[in-house]
Structures are given as structure tokens and as C-alpha cells.
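Please treat every number below as a calculation from the coordinates, not as lab data. In this text, all values refer to a predicted model and were calculated from it rather than measured experimentally. Don't worry about glycine lacking a Cβ; one is built from the backbone with ideal geometry, like all the others, and counts go over all protein chains shown.
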Amino acid sequence: MSGSYEPGDRINIRKLALLSRTSPTPVREAIMQLVREGALELKPGYQPRVPILSPERYEKIREVRAPLERLAAELAAQHAPPELAEALLRLDQRFIEAEKDGDWKAATSANQEFHFTIYRASRNEVLVRAIESLWLLTGPVVQSQYAANARRPPRTALHGQIIDALCRHAAQEAGDLVVQDMRQGVAVILEHLRAPRPKRQGGRRAASQPGA
């Protein structure tokens, strides 16, 4: 979900076990769970790999996300405690500073935490888990396009507007803004997915993944 692995990367279970300082068995079980959830794919005779999303599948995932994230934001607006705004302002500042520094991984991490801080405020763990599963499917492609594509849409004040709506307990407005923020940049990501892909020389191995 954080984008540590790119679309097409293959996962070496033994090397990942060494990095995790555990045996291959629990790593294999975790890998199979991710395969069942669609975050990894496994073909007979091959190592597990991160799927390469087609534009059509990416759009389908985004369309499923929209109503769930709208609902989570609306529920969060109803329950929003005073400290929620402070936490979101700190995360948004982290996001802004990371973008200025060109630290795209830190920027996407801050953006992800910004949104999930809102979703967790919904007090509906089933809803949060469903949204998390969908983010898991798109994390690698979002991270890879964000770092590679300079034609990102200009940053808007949407995060600030979302925080304001939550503080005012304006549920419908908060939901609308979260969906608008989610959809912003979809055209850039789809353009990236539809662009001719360079030939890969083989996926990066797990041992080369910092923080894996």
C-alpha cells in the first residue's frame, strides 16, 4: 500500500523472510493472503509478483472506493473530536513540505495517513478495512506514477477545505470534498497507465527494498 514495491516486481519469499527476521513459513502465509486479496498475483512456476493494473481495472477500483470513502468522511464529520483537526493539519503540513522537497514517498505516505486519520474517525472498523483493501490494490501504481510523472495536477486547498468541513460537522460537504480530492489526479494516473511501458530487466528483488 505504501508503494515499496512497483507494479511487476517479484517477491522472493526467502529474502523477504531474512529481511523480516523470521522463517519463510509466516512470510509465505502472508503472501498467500495478499494473493487472495488481489494485492499480489501468483502463477504456477513463478514467484509472486505485484500486479500491473490495466487502466480499466484501476478505474473500477476507484469507482468502488468513491462511495466508501464518502461514507467514511460523512461519519467522521458526525463524530469529529476537536483534536482531529490538529492531527490533520500536521499531516497536511508534512505533505506540503515533502512535495516541496521532492520527497514523493514521504508525500504519498503523509497523504495516505491524512485520509486514514479521517476514515478511522468514522468509528467503523469494517468500513476502514474495506477502504484499506482497495488502497492496497492501487498503492504500487500510485507511488510509481507520482515519482515518475512531473505533470501532477497543481496542489489545491482541498485538504484545508476537508478539515474545515469536518470541524463544522458538515457531513455531506466533507464527503463531497473527500471524493473530489480522491478523483483529482486520476487523469494523470490513467495517462501513466496507458503510456507505453519500457521493457523490464526483471523485477526488483525483495532484498533491494529498503524498509520492506
The exposure ranking of ASP9, ASP101, ASP164, ASP92, fewest beta-carbon neighbours within 10 Å first, is ASP101, ASP164, ASP92, ASP9
Would you calculate the convex hull of the Cα atoms in the chain and tell me its volume per residue in Å³? 134 Å³
In deg cm²/dmol and to the nearest 500, what is the mean residue ellipticity at 222 nm of the chain if only DSSP H runs of at least 4 residues count, each as -39500 (n - 2.57), divided by the residue total? -22000 deg cm²/dmol
Given the candidates LEU158, GLN33, TRP135, the one whose Cα lies deepest towards the positive end of the charge dipole of the chain, counting +1 at each Lys or Arg C-beta and -1 at each Asp or Glu C-beta, is GLN33
